[in-house]
1. Pick out the one residue from ARG326, ARG375 that is closer than 30 Å to SER427 by Cα and either surrounded by 14 or more Cβ atoms within 10 Å (Cβ to Cβ) or at pLDDT below 90 (or both).
2. Taking ARG346 as the residue in question, decide whether it is on the phi < 0 side of the Ramachandran plot and surrounded by 14 or more Cβ atoms within 10 Å (Cβ to Cβ).
3. Among the residues of the stretch 202-237 satisfying the criterion of being of a type in the set (D, E, K, R) and touching a Leu at 6+ places or on another chain (Cβ under 9 Å), which is farthest from VAL260 (Cα to Cα)?
4. Mind listing whichever residues of the stretch 82-126 are assigned to a loop (DSSP other than H, G, I, E, B) and either over 17 Å from GLY58 (Cβ atoms) or of a type in the set (Gly, Ala, Ser) (or both)?
5. Considering only the stretch 380-387, I want to know if a residue exists there that is at pLDDT below 90, open to solvent by 20 Å² or more (accessible area, probe 1.4 Å) and either assigned to a helix (DSSP H, G or I) or under 24 Å from ARG448 (Cα atoms) (or both).
6. Can you say whether GLY235 is assigned to a loop (DSSP other than H, G, I, E, B), open to solvent by less than 10 Å² (accessible area, probe 1.4 Å) and out of contact with any Phe, Trp or Tyr (no Cβ under 6 Å at 6 or more places or on another chain), as far as the supplied structure shows?
7. Look at the stretch 419-429 and say how many of its residues are surrounded by 20 or more Cβ atoms within 10 Å (Cβ to Cβ) and without any contact (Cβ under 8 Å) to a residue 24 or more places away in the chain.
Amino acid sequence: MTDAPLTSPTPTLSVLIVEDDPDVRLGCEQALQLEGIATQSAGSVEQARKRLGANFAGVVVSDIRLPGADGMALLRELHALDPELPVVLITGHGDVSLAVQAMKDGAYDFIEKPFAPEHLVDVTRRALDKRRLTLEVRALRARLESQDQLEARLIGRSPAMVRVRQLIGDLANSAADVLIFGETGTGKELVARCLHEAGPRRHGNFVAINCGGLPDTLFESEIFGHEAGAYTGAGKRRIGKIEHASGGTLFLDEIESMPVAMQIKLLRVLQERCLERLGSNTSVPIDCRVVAATKEDLLTLSGQGRFRNDLYYRLSVATLPLPPLRERREDIPLLFEHFLLQAAARHQRPAPPADPARLQQLLAYDWPGNVRELRNVADRCVLGIEAGVAPFAAAAPAAPLALAESVESFERALIADALGRHGGSLSRTAEALGVAKTTLHDKIRKYRLGEQG
């Protein structure tokens, strides 16, 4: 049986009628279709298997007596595959004992021949209602699990990070290519992996290429592959990165560094969804989603002749901007705690205790290296070698925050962290921070913390 994954929380449901008698099969189809119920049909269990999967969008109505494998065997197979799939069995005179056993084995209901069309419609409608609810609950659970996984990997309660997770959820099941924009260290590859793993291509390869890390002389061979003898030293055929990503996701990091000649070839691949290996005239079809990432303004580079304008528009069908850490300072305490625990486990050392003075220094720092730099700082803190290195250096940072801005950043982060720890409860958060609820409410409005949900 093929696995037909659920792609919509409210799919159009149908009834699969399994009946070897063509007249009975046609009568069942007509009775249901006249009531607006979609139907499919199969003359045997073998034919039915080809149409059924764990998330079959519908119910099964099957005769017990069938040539070869019978309806009871089909029921057992379907119960093992999907115990919640409703199966209605049609029984003949003298098969009532079999029907009773089928109900014990998990059948939804049985109909005894001869039966009125209205009875078939009534039983089928109830089975469809049950199936619809089951599939909706499964879809909701899948969305919640995906959301939980994103929150565990893309940490942060700031409105900016909530928006990033929403965009990933919106784009994950799309076939559109995506352009991720963010400064160095903001987590562009992590976001690309989340897009890949949250979508239907998650079982395919995730192939990452750093366009700035390949010399021009090897770029074409690495990306497009080559045939044996294509150039000196090419002793055998090599599959390129794009071809290896077929069925999955191709991640092109630092896309702004790709040589212009390669940009032209990449554009052709994106448009035609096929490529030619170096040294070959044969087109190879490819089916991969392209996610590109850049820290530069590609339109500006295009105006300077350093990036092709048409490639930019081809890649930026969907754009996903990542905020720098300095623009989501309220996430710093949560991120730092997470990285401390990771570092403690990695280095097999205890995590240092919370220190308000240290937290204030973290919040006041400008983080030019973003989340990657914060992770390194957490490593140094666990190893006890953080002294003298930013943000704990004795010298003041080159561009310190103004006192008022520093205080507000610290206060905003403390409130956001406390709200998160107390499940958003205003009363418990106010009690923990030692402030009046009215004061806390004003500050939540001031810092726009209510926009996170």
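1. Step by step, each of ARG326, ARG375 is checked, and only ARG326 is closer than 30 Å to SER427 by Cα and either surrounded by 14 or more Cβ atoms within 10 Å (Cβ to Cβ) or at pLDDT below 90 (or both).
2. Numbers: on the phi < 0 side of the Ramachandran plot: yes; surrounded by 14 or more Cβ atoms within 10 Å (Cβ to Cβ): no.
So ARG346 does not fit the description; no.
3. Just the residues of the stretch 202-237 that are of a type in the set (D, E, K, R), to begin with: 202, 216, 220, 222, 227, 236-237.
In the following step, the residues that additionally are touching a Leu at 6+ places or on another chain (Cβ under 9 Å) were identified as 220, 222, 227.
Details: GLU220: 12, GLU222: 16, GLU227: 23 Å.
Top of the filtered list is GLU227.
4. GLY92, HIS93, GLY94, ASP95, ASP105, GLY106, ALA107, LYS113, PRO114, PHE115, ALA116, listed by residue number.
5. No, the stretch 380-387 contains no residue that is at pLDDT below 90, open to solvent by 20 Å² or more (accessible area, probe 1.4 Å) and either assigned to a helix (DSSP H, G or I) or under 24 Å from ARG448 (Cα atoms) (or both).
6. Criteria not met by GLY235.
7. 1
Residues checked against (1) within 24 Å of ASP170 (Cα to Cα); (2) in contact with a His (Cβ under 6 Å, 6 or more places away or on another chain); (3) at pLDDT below 95:
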site	(1), (2), (3)
HIS203	yes, no, yes
ASN210	no, no, yes
PRO215	no, no, yes
TYR231	no, no, yes
GLU243	no, no, yes
VAL269	no, no, yes
CYS274	no, no, yes
ALA292	yes, no, no
SER302	no, no, yes
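The values are calculated or read from the model by the stated rules, or taken from the named source; none is laboratory data. Worth saying up front: this structure is predicted, and the values here are computed from it rather than measured. No Cβ is skipped: glycine too gets one built from the backbone with ideal geometry, and neighbour counts run over all protein chains shown. Just the protein is used for accessible areas: all its heavy atoms, side chains included, with ligands, DNA and RNA removed. Shrake-Rupley method; radii C 1.70, N 1.55, O 1.52, S 1.80 Å.
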